[in-house]
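The values are calculated or read from the model by the stated rules, or taken from the named source; none is laboratory data. Fair warning: this is a prediction, and the values are worked out from it, not measured in the lab. Reconstructed Cβ throughout: ideal geometry from the backbone, glycine too, with neighbour counts over all protein chains shown.
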Amino acid sequence: MIENIYPTYYELCKSAPLLARKAIVRAYEETGNISEVARLFRTTRKTVRKVLRRWRERGEEGLKDLSRRPRRSPRKTSAAVEGLIVAERERTGYGRDRLETKLAGIHFQ
């Protein structure tokens, strides 16, 4: 068994996530064993597989952090309604509550 010279994956990820993922790939290339790599970095085999899959699919680019932004916002106010509210606010100077009362009778599509 190889002596554990690596910090934990969690410790590495806090300061340098890209470096941590590269280290997993490098350790896998050296050992060729997912279980051994997971033991070295004190993480799960699932995490090692995920890093290796992303590396195989997209290379170096796949090791970078992925966006956390939602793909869609189903409750987002439409641009037309937002424009109407902004225009009415600029015209009247009303705040949120008065605008809500004033625009309550209008049905938006």
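See the values below:
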item	result
Qualifying residue in the range 5-24 (condition: at pLDDT 95 or above, part of a helix (DSSP H, G or I), among the β-branched types (Val, Ile, Thr) and out of contact with any strand residue (DSSP E or B) (no Cβ under 7 Å at 6 or more places or on another chain))	no
Every residue from the range 10-63 that is over 20 Å from the mean Cα position of the chain (by Cα) and basic (Lys, Arg)	Arg26, Arg39, Arg42, Arg45
Which numbered condition Glu90 misses (of (1) assigned to a helix (DSSP H, G or I); (2) surrounded by 11 or more Cβ atoms within 10 Å (Cβ to Cβ))	(2)
Scan of the range 29-83 for residues that are touching a residue at least 24 places away in the same chain (Cβ under 8 Å), surrounded by 13 or more Cβ atoms within 10 Å (Cβ to Cβ) and in a loop (DSSP other than H, G, I, E, B), ordered by number	Phe41, Arg42, Thr43
